[in-house]
Amino acid sequence: MTAQIIDGKALSKQLREGFKARVGALVAQGVTPGLAVILVGDNPASRVYVGNKVKACEECGVRSFHIALPGDTLESEVLATIARLNADPAVHGILIQLPLPPHIDGRKVLEAISVHKDVDGFHLYNVGGLVVGNTIFPPCTPYGVQLLLDTTGTDVAGKNVVVVGASNIVGKPMALMLLQREATVTICHAKTRDLAQHTILADILIVAAGKPGLIVPQMVKQGAIVIDVGINRLADGRIVGDVDFDGVKEKASWITPVPGGVGPMTVTMLIENTLRSAERALRMRQTDDYQDWEAPVLKGH
């Protein structure tokens, strides 16, 4: 058996076509969705990621605000920039490109973003919302993985799902989102003993460990669905995931390639969250509740 490919490029293209109609409907009512992307420093990889996000905005008709700050920018200046964007009605989403320089407290910066514009889903309010099932903006990569799983026609309820990697960006929110769908979820991490004894039981295996070739065929259950979130550049320049794709595809029923799987979906879901924010802002205006929209969700926060 050779696995069917879960094509993130194709799904992303389909979703972005749909976004254009939503943008058109917003513009017709006087609202142009806007995404602000803040880059601090000159990290080459970060520049590429920011460029991809700006390009995606242009493709979908979303206005992008690219704010590039020098690497020695003070933390207070970054916070002041965020405060200005929080108050700007033309901006519906704010994204801080990570990593930040060491002298800047990343958590403090992320928490400064209004929960109403936290389209990355990293604010404590949105993360906490995952626990009870009513987050405003789900984190982009797990959100994209969820939609990719949907394309397989699989009902995750009751399935054994193993998530390899316990990061705050992918692993933990992914597990919480799957729990909301009544999956039985195991999270593995760097301290997990005998990783294979967990992965071999997975009906659905999601790998986000940042270690090329970590998952080999003997660690995968016959017929499992395998989602590879990893993106690793090898010494020879090749981009590979965390899964031995050529070997594992002979055991899995479905598998994502790298590149072309989860990656395109992450940026696409960022645009989805930005459109959702713009649509929510418009609804608030139409119901005369715009002041409530601007108010902090958490009392005393």
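Please treat every number below as a calculation from the coordinates, not as lab data. Not measured: the values here are computed from a predicted model. Reconstructed Cβ throughout: ideal geometry from the backbone, glycine too, with neighbour counts over all protein chains shown.
Odds and ends about this structure:
- Enclosed volume per residue, in Å³, of the convex hull spanned by Cα atoms of the range 90-132: 77
- Environment charge of Leu149, counting only residues whose C-beta is closer than 14 Å and scoring Lys/Arg +1, Asp/Glu -1: -4
- Beta bridges from DSSP with both residues in the chain: antiparallel share about 5 percent, rounded to the nearest 5.
- The chain - Debye-derived log10 I(q)/I(0), Cα point model, q = 0.07, 0.09, 0.15, 0.16 Å⁻¹: -0.28, -0.46, -1.22, -1.34
- Between 0 and 90°, nearest 10: helix 171-180 axis offset from the chain longest Cα axis: 90
- Length added when fully stretched, Val131-Ile239, from 0.36 nm per residue minus Cα-Cα: 35.5 nm
- Listed residues Val23, Pro33, Gly71: farthest to the positive end of the dipole of the range 1-116 (Cβ charges): Val23
- Under 5 Å between amide hydrogens, built in the peptide plane, is the criterion, and for Ala36 it picks out Phe65, His92, Gly93, Ile94, Leu95 among residues at least 5 positions away or on other chains.
- Computed from label points 7 Å out along Cα-Cβ, the spacing between Ala10 and Thr186 is 3.2 nm.
- Loop-located trypsin sites (Lys or Arg not before Pro) in the range 180-209, at most 13 other Cβ atoms within 10 Å (DSSP): Lys191, Arg193
- For the range 140-263, radius of gyration divided by Kirkwood radius, i.e. Rg to Rh on alpha-carbons: 0.93
- Restricting the GluC sites (Glu not before Pro) of the range 193-296 to loop positions (DSSP other than H, G, I, E, B) with no more than 16 neighbouring Cβ atoms within 10 Å leaves Glu250.
- Folded to 0 to 90 degrees: helix 75-86 orientation relative to the chain principal axis, Cα: 80
- The stretch between Asp42 and Ala83, if pulled fully straight at 0.36 nm per residue, gains 12.5 nm over its current Cα-Cα span.
- Cα-based helix-to-principal-axis angle, 8-28 vs the chain, degrees rounded to 10: 20
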